[in-house]
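Contents: one structure, followed by commentary.
Derivation of every value follows stated rules applied to the coordinates shown; laboratory data play no part. Note that the structure is predicted; figures quoted are calculated from it, not measured. With ideal geometry, Cβ positions are generated from the backbone for all residues, glycine too; neighbour counts draw on all protein chains shown.
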């Protein structure tokens, strides 16, 4: 007999746990699948026996048997640099993880490069019962995932504002009013040529921030300033800033779709010898920790992405328990006025 076979023979089984706890195998199984019909004292005895034997239930076995996988999926398709630097994802995941681990659930992450692989990934995870539902981020214009997951018959909760066609509950940061408030603040400061450095136009939140900026200017009777796409990266923000500074006339204020691009923009402005906020006012979105430490401190919109992740995960878990959930939840943003806009 090989060492591997001997090791397999030594591993504890559900029968060993049942014998030690003095219960049936069914009681052990129910304890680790929600505890329905099992008293608190019996569950405590079963968990103590499992801990003593160093036994854990097999997620795969539970899934094959029709039980829950006790896992939630997130499939991410985005540029590598955004995964490394974007403040949204780590904060959102930390909040979601906090909610999931508190009830014994895990987050299963998959990274893909294209739409075809992305769809296959969802089909595989649902078909093999690896997860019980999904959290959707990085919403796109006419997002195909709504149709994919509806056809697969799985549960999902959306992070962001998906529009009327979304069949799933969603959680939004509600930063729309703060973008309007920020644009009005720039107008009140005397700016009439206000530019925008946008994010990837395929993403709904990038399109939304641009539209809110534009609508607010039009409502004030002003012509929207130039728009340059910066793709949410530092490199993109720096390049977009150079393009704006090479224009004539130069804008007197720039609203960047995220703080990373705004901070890169501050560096380029310093390189050009442009004084902020005296010659050009600068504002961002996200309120990353660095925003209040750059010089001058950055005016921005703060969104609580950690809380967003927590609420999204709690909402999905409630769905999985067949509880009624709110179709949409808005947690609210906050405008942080700082020196970069003369505040």
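Could you please rank 290, 182, 222, placing first whichever residue has the fewest other Cβ atoms within 10 Å of its Cβ?
Numbers: 290 12, 182 26, 222 16.
If I rank by nearby Cβ atoms, fewest first, I get 290, 222, 182.
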From the coordinates shown, Rg and Dmax of the Cα atoms in Å corresponds to which of (1) 24.2, 101; (2) 25.2, 84; (3) 19.3, 60:
(2)
Anyone know which of 53, 244, 109 comes out most mobile in the 10 Å Cα GNM of the chain?
53
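Mind running the shape call on region 176-280? Use the C-alpha gyration tensor, a ≥ b ≥ c as the square roots of the eigenvalues: rounded below 1.5 for a/c, prolate if a/b tops b/c, oblate otherwise. Working shown, then result.
Working: a/c = 1.75, a/b = 1.12, b/c = 1.56.
Oblate, since a/c reaches 1.5 and b/c is not below a/b.
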Based on other C-beta atoms within 10 Å, arrange 75, 103 from fewest to most.
103, 75
Ranked from fewest to most other Cβ atoms within 10 Å of their own Cβ, 136, 298 fall in the order 136, 298
0 to 90° range, to nearest 10: angle between helix 176-188 axis and the chain longest Cα axis:
20
Euclidean distance of C-alpha centroids, region 290-322 and region 141-191, integer Å:
13
Ranking request for peptides 205-212, 12-19: highest mean number of other beta-carbon atoms within 10 Å first, then the rest in descending order.
205-212, 12-19
With angles folded into 0 to 90 degrees, how steeply does helix 204-219 sit against the dominant principal axis of the chain? Use alpha carbons for both and round to 10.
30
